[in-house]
There are 2 protein chains.
Amino acid sequence: MTAFSESADPHRQHERCVTIDLGSRSYPVILSDAWDSGQPQNLLQQHVKDRPVAIVSNDTVWPLYGETLLQAVKKAGPSHCSWHVLPDGENHKTPAQWLAILDHLANNGLTRDGVLLALGGGVVCDMTGFAAASWMRGIPFIQVPTTLLAQVDASVGGKTGINHLAGKNLIGAFHQPVAVLVNTRVLTTLPEREFRSGLAEAVKYGLIQSAPFVDWMLRNRRNLLHREPGVLNQLVQQCCQFKAHIVREDETEQGRRAVLNLGHTFGHAIENLGHYRTLLHGEAVAIGMVMAATLSEHLGLARPGLGKKVAGIMQALGLPSDFSSLPAGIDIEADEYTPEALIQRMRLDKKVSHGRHRLILLKELGQADMVDGVTEADLRTVLQAFCA
Amino acid sequence: MTAFSESADPHRQHERCVTIDLGSRSYPVILSDAWDSGQPQNLLQQHVKDRPVAIVSNDTVWPLYGETLLQAVKKAGPSHCSWHVLPDGENHKTPAQWLAILDHLANNGLTRDGVLLALGGGVVCDMTGFAAASWMRGIPFIQVPTTLLAQVDASVGGKTGINHLAGKNLIGAFHQPVAVLVNTRVLTTLPEREFRSGLAEAVKYGLIQSAPFVDWMLRNRRNLLHREPGVLNQLVQQCCQFKAHIVREDETEQGRRAVLNLGHTFGHAIENLGHYRTLLHGEAVAIGMVMAATLSEHLGLARPGLGKKVAGIMQALGLPSDFSSLPAGIDIEADEYTPEALIQRMRLDKKVSHGRHRLILLKELGQADMVDGVTEADLRTVLQAFCA
């Protein structure tokens with residue numbers, strides 16, 4: 001378990017590096033404000049020089065940061081550089097859009113000595129990663145995450161994938177990037193809901209393994225919500241360290257890594273019910289974590305009150321804790337969000353084994369555990385309190 | 001290098017096993033005449049009992065052997081068993097058909113504790129393997145190859161994939177099966193061209209690393225072409241041993257494994273030109289191996305005469321050696337098979353590095369080498385002799 005320590009001075013150094021230690025597949029996560037100098041530029045030169053490069057982004061991020069990244073990549077001396085811009089949004093995380101990336105690679109002659117770059121949020125990072133995993137049985141790729149969610153979670157750890165109609169990330173592969181370039185300055189342009197969605201994945205690390213980190217987030221929530229650069233850097237670095245530790249122990253989720261799925265089995269079902277257009281991933285996971293805490297209580301795994309406590313944490317961070325506290329302007333068809341509909345979607349979760357539900361639950365703040373054989377009757381009881 | 005020895009008595013035992021030794025990913029290739037008894041049934045019980053199973057096959061093989069395999073699988077006690085039948089043919093090795101397999105898995109509730117079985121030739125084995133590799137980031141699968149080509153090559157070694165419009169197997173992953181069940185009796189129903197196509201992949205092992213094995217095949221060519229069971233079993237077992245050795249040394253083709261691509265860079269281009277409907281894979285590879293031998297000669301790597309020698313071997317095994325010796329009834333548009341058209345398709349080969357062609361060439365019978373930086377001028381000169 002990685003300890004959380006507040007003592008790190010966020011301004012001590014300009015660049016910071018977290019190493020994801022996976023033997024021959026190890027790679028650095030570099031936190032830096034620039035791509036065209038220092039370690040990020042060194043890394044680009046190392047992986048890009050004299051090779052064909054393709055950048056994948058989306059039509060929101062590319063107009064903002066495409067040119068800057070492109071110049072940094074060109075400075076590193078690739079033999080050829082092209083870009084492919086996806087439509088923005090989780091509802092475009094589809095086989096069709098993944099194939100469009102592969103078409104781009106074919107049309108630009110990208111062979112095994114080529115490199116892919118992902119510039120965007122979790123959707124772009126996951127899809128580009130799966131394109132890199134499956135093109136010519138695997139080519140290298142670099143993550144350049146531009147949302148808080150992607151910086152604290154999606155870009156690190158090698159889970160890649162796309163959605164199937166039946167569920168989220170059902171198609172995918174484990175394929176580690178060769179580097180992750182994190183620039184928290186790009187978070188200034190992130191829409192408010194997207195930013196808070198990222199806080200949900202950040203506080204998740206605290207809920208599963210560090211109550212002090214939850215406290216730190218709550219105490220600093222004003223600075224966090226104002227996106228104060230020093231605090232943001234500290235947040236992202238700490239989350240990457242949490243994740244680095246868990247991924248090193250269990251790269252392909254044979255065991256402990258599964259705790260990172262806290263709130264995700266519920267969250268994926270919620271997202272699927274909204275066709276990936278209604279709630280953002282982090283918002284769905286925030287509600288999912290409250291559901292998981294409430295279920296933990298219901299099963300006697302945690303003391304009474306944990307569900308309320310976790311709901312309070314979400315509220316403090318400006319996140320929804322149930323279907324009645326959704327962000328302004330978000331309408332859901334309440335009669336579609338039934339316990340039955342949610343459970344039906346949970347049945348295809350990747351952790352379901354022999355038809356029994358396997359869920360990540362909480363013993364208390366900072367202690368998660370995988371629990372096998374949760375019955376649908378228990379799920380139903382708990383979900384009823386969340387649904388209209 | 002695996003030595004070839006003729007001394008093994010093909011009738012000595014009913015079942016034989018070749019182990020593919022890859023540490024925690026090791027698995028057995030079982031040669032046996034039955035699926036519902038002995039080691040094959042033991043293996044099925046080990047992997048299938050109390051789990052959901054989906055069998056993937058094609059509409060030629062399923063009517064012949066589907067029921068037999070289904071009974072053997074049911075005897076092993078799965079929790080649920082379904083099947084998905086693809087249209088037969090290399091031109092159906094597409095993203096759309098792969099997605100149809102995934103739809104089937106979603107509709108039948110196959111989670112990570114499920115198992116896929118591939119019953120068919122190289123196309124079914126490769127596509128099922130890629131479905132298993134990419135569904136929920138990887139589930140186990142068992143190969144049950146029913147063509148000679150799949151038994152001696154495609155089913156062993158973990159290369160999975162589908163075709164992209166731009167070229168063969170451009171989309172895929174390395175994903176090892178948990179077992180391979182080889183039954184050479186099913187080869188009796190194989191069409192003549194398909195059978196000979198398999199002989200091309202078999203003789204390839206001899207060309208790259210064992211001249212005595214080429215001799216053995218030539219001396220036994222009558223029995224081989226008559227599909228005499230004892231000789232067939234010996235052939236398949238020996239080929240699996242050759243492949244096991246190479247794959248153990250280099251699972252993900254960082255080096256030596258590339259020699260298995262002898263004739264394949266040319267062959268894939270030939271197949272692509274015919275839209276995967278004209279020549280069979282083994283036929284294209286047979287011509288490709290003659291091209292590679294001729295190029296080796298042209299570059300001074302091999303002594304004069306090697307091209308003719310390899311052409312003679314192909315002819316003796318009933319295989320084409322150029323575009324004028326194609327099987328009866330196969331018409332190609334000769335003016336489409338130009339050196340330029342072939343070279344253009346070779347540029348997207350997975351082994352192309354920094355825009356230079358990397359090819360497997362022969363020093364002599366039984367000795368292959370990877371050669372970097374072959375120029376397109378050299379390719380053009382050699383290909384001119386093969387094209388109209």
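Bear in mind these aren't lab numbers, they're just calculated from the coordinates by the rules spelled out. Just so it is clear, the model here is predicted, and its values are computed rather than measured. Note that each Cβ is placed from the backbone with ideal geometry, even for glycine, and that neighbours are counted across all protein chains shown.
Quick notes on this structure:
- Proximity of backbone amide H atoms, modeled 1.01 Å from N, is registered between residue B:357 and B:373, B:374 at under 5 Å, excluding neighbours fewer than 5 places apart on the same chain.
- Using alpha carbons only, the radius of gyration of region A:7-95 set against its Kirkwood radius gives Rg/Rh = 1.03.
- Dividing the mean sequence gap of close Cα pairs (under 8 Å, 6+ apart) by how many residues region B:16-188 holds gives a relative contact order of 25 percent.
- Reduced Cα scattering model of region B:181-287, Debye log10 I(q)/I(0), q = 0.14 Å⁻¹: -0.61
- Rounded to the nearest angstrom and listed largest first, the equivalent-ellipsoid semi-axes of region A:16-189 from its Cα gyration tensor are 21, 18, 16.
- Cut-off under 5 Å, modelled amide H: who pairs with residue A:20 long-range: A:27, A:29
- With the simple model of a label 7 Å out from the Cα in the direction of the Cβ, residue B:222 to residue A:218 spans 8.9 nm.
- Inter-site label distance for residue A:315 and residue A:165 at 7 Å from Cα along Cβ, in nm: 4.1 nm
- Gaussian network model of chain B, springs between alpha carbon atoms under 10 Å - residue of B:157, B:312, B:206 with greatest fluctuation: B:312
- Computed over region A:192-384: relative contact order in percent, which uses C-alpha pairs under 8 Å that are six or more apart: 27 percent
- Legend: Rg and Dmax of region A:192-384, from Cα coordinates, 15.9, 47 Å.
- Mean projected area in nm² (Cα convex hull; one quarter of hull surface) for region B:56-156: 6.0 nm²
- Whether region A:261-364 is rounded, prolate or oblate, judged on the alpha carbon gyration tensor where a/c under 1.5 counts as rounded: oblate
- Those residues of region B:143-158 whose amide nitrogen sits under 15 Å from the label point placed on residue B:330, 7 Å along Cα→Cβ: B:149
- Two-decimal ratio, region B:85-125, of alpha-carbon radius of gyration to 2.2 N^0.38 Å: 1.21
- Unit charges at the beta carbon, dipole of chain A: most positive-side option, A:22, A:127, A:327: A:22
- Label-point spacing at residue B:340 relative to the other copies reads 6.5 nm, in ascending order, each point sitting 7 Å out from Cα along Cα→Cβ.
- For chain A, the extents of the C-alpha atoms along the principal axes are 59, 46, 42 Å, listed from largest to smallest.
- Convex hull volume per residue for the protein assembly as shown, taking Cα atoms only, in Å³: 152 Å³
- Structural descriptor for chain A: relative contact order 15 percent, calculated from alpha carbon pairs under 8 angstrom and at least 6 residues apart.
- For chain B, size of Cβ-based charge dipole, Lys and Arg +1, Asp and Glu -1, in debye: 640 debye
- Stretching residue B:45 away from residue B:254 to a fully extended chain increases their span by 71.7 nm, per 0.36 nm per residue minus the current alpha-carbon distance.
- Anisotropy class of region B:108-180 from Cα gyration tensor, a/c 1.5 cut: oblate
- Dipole check for the protein assembly as shown: with +1 at the C-beta of Lys and Arg, -1 at the C-beta of Asp and Glu, and the Cα centre as origin, the magnitude is about 1180 Debye.
- Residues with amide H under 5 Å from that of residue A:55, placed H, sequence gap 5 or more: A:82, A:83, A:84, A:117
- Plainly put, the tip 7 Å out from Cα toward Cβ on residue A:376 is 6.0 nm from that tip on each other copy, the closest given first.
- GNM result for chain B, Cα springs below 10 Å: residue of B:354, B:275, B:14 fluctuating most strongly: B:354
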